[in-house]
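A.B. asks: Submitted below is the structure of interest, expressed as structure tokens.
The values are calculated or read from the model by the stated rules, or taken from the named source; none is laboratory data. Please read these numbers as outputs of a predicted model, since none were measured by experiment. Neighbour counts run over all protein chains shown; Cβ positions are idealised from the backbone, glycine included. These area figures cover heavy atoms from the full protein model, side chains too; ligands, DNA and RNA do not enter into them. Shrake-Rupley method; radii C 1.70, N 1.55, O 1.52, S 1.80 Å.
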Amino acid sequence: METSDGVELATRRWPVSDGARAVVVLAHGLTANKDEPRLMSLASELQGQGFEVIAYDSRGHGQSGGQCTLGDLERHDVAAVVEWARTRNRRVVLVGASMGAVGVLAYAATAKDLTGVVTVSSPGEWRVPLRVRSMITASLARTRTGRQFARRRMNVRIAPWTSPESPRSLVERISVPLAVVHGRRDAVIPAGAGLARVIGVGPGRSVALVQSMGHAFDPVGHKQICDAVAWAL
């Protein structure tokens, strides 16, 4: 697929033979990709529940082109995949983890015809928690040395940090059902620094804090993620 700003995306698809409940778009986190075992396991679970699933290498990752912008320009990636998804089913649910959650929120803030959005391990603000893994992750994006390391050792091409709009601010403009899933054992984005802490409660909002779940598509939280997709419908 190609985005509106000319970035080619590599994709992977889990089809349903007949009558899919919806198409679920999976957006991975920083340094992950569409072929990550945990993502593929989640995709298979969703497929088994009657959802057609598509995942992709976000810009700057894996086999896709471009440079990673930590969820900012990634909204164009989401838009390109959603455009394809709508040719398969009128109902489309977005599921984004960590960086992927930010990209999904950035797109959903301007889209009115989504079925729903599920964020997993999303930050609430751009403040860096005082945790070792949090500081390491932030250094990959916010320092020249970190970006060079990511390119050489992780095959991730990261653009210089531009302070994009915060996830908390994006949520305020989302009008479709929004579910937030976060692990209480997340070592990268602690639950106290996540979107679950700042999201407003009310109609069309759901929050699940999973006791033993770690970061992103941790298999411990797959049931809650699948439940959140079903809730969005």
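A.B. asks: Using a 1.4 angstrom probe on the protein heavy atoms only, line up Asp35, Asp57 by accessible area, largest first. Numbers along the way, then the final one.
C.D. replies: Numbers: Asp35 55, Asp57 0 Å².
Result, largest first: Asp35, Asp57.
A.B. asks: Can you give me the distance in nm between label points at Glu2 and Arg184, each placed 7 Å from the Cα along the Cα-to-Cβ direction?
C.D. replies: 5.0
A.B. asks: Can you give the local net charge around Pro177? Use residues other than it whose beta-carbon is closer than 12 angstrom to its beta-carbon, Lys and Arg +1, Asp and Glu -1.
C.D. replies: After counting each charged neighbour, the total is +2.
A.B. asks: Grab the Cα-Cα distance for Leu233 and Ser163, subtract it from 0.36 nm times how many residues apart they are, and report the gain in nm with one decimal. Could the numbers behind the result be given before it?
C.D. replies: Numbers: separation 70, 0.36 × 70 = 25.20 nm, distance 3.31 nm.
Answer, rounded to one decimal: 21.9 nm.
A.B. asks: For segment 90-95, what does the Karplus curve 6.51 cos²θ - 1.76 cosθ + 1.60, with θ = phi - 60°, yield as ³J(HN,Hα) per residue in whole Hz, taken in order and with x for Gly and Pro?
C.D. replies: Using θ = phi - 60°, the values come out as 6, 9, 10, 10, 9, 10 Hz.
A.B. asks: Which of these values of Rg and Dmax of the Cα atoms in Å was calculated from the structure shown: [x] 18.7, 62; [y] 16.0, 49; [z] 20.9, 86?
C.D. replies: [y]
A.B. asks: Still on this model: Given H placed 1.01 Å from N in the peptide plane, which residues other than close sequence neighbours of Gly124 have an amide H under 5 Å from its amide H?
C.D. replies: Here Gly194, Leu195 satisfy the definition.
A.B. asks: Further, regarding this structure: DSSP beta bridges in the chain, what fraction antiparallel, as a percent rounded to 5? Each step should come with its number before you reach the end.
C.D. replies: Working: 6 of 32 bridges.
Restricted to the chain, the bridges split so that about 20 percent are antiparallel.
A.B. asks: Ok, one more. Step through the residues of segment 72-79 one at a time and calculate ³J(HN,Hα) from phi using the Karplus curve (6.51 cos²θ - 1.76 cosθ + 1.60, θ = phi - 60°), rounding each to whole Hz and writing x for Gly and Pro.
C.D. replies: So the J values, rounded to whole Hz, are 6, 6, 4, 4, 5, 4, 4, 4.
A.B. asks: While we're here: Could you give me the ³J(HN,Hα) list for segment 227-233, computed from phi with Karplus coefficients 6.51, -1.76, 1.60 and θ = phi - 60°, whole Hz, x at Gly and Pro?
C.D. replies: Each residue's phi maps through the Karplus curve to give 4, 5, 5, 4, 4, 4, 6 Hz.
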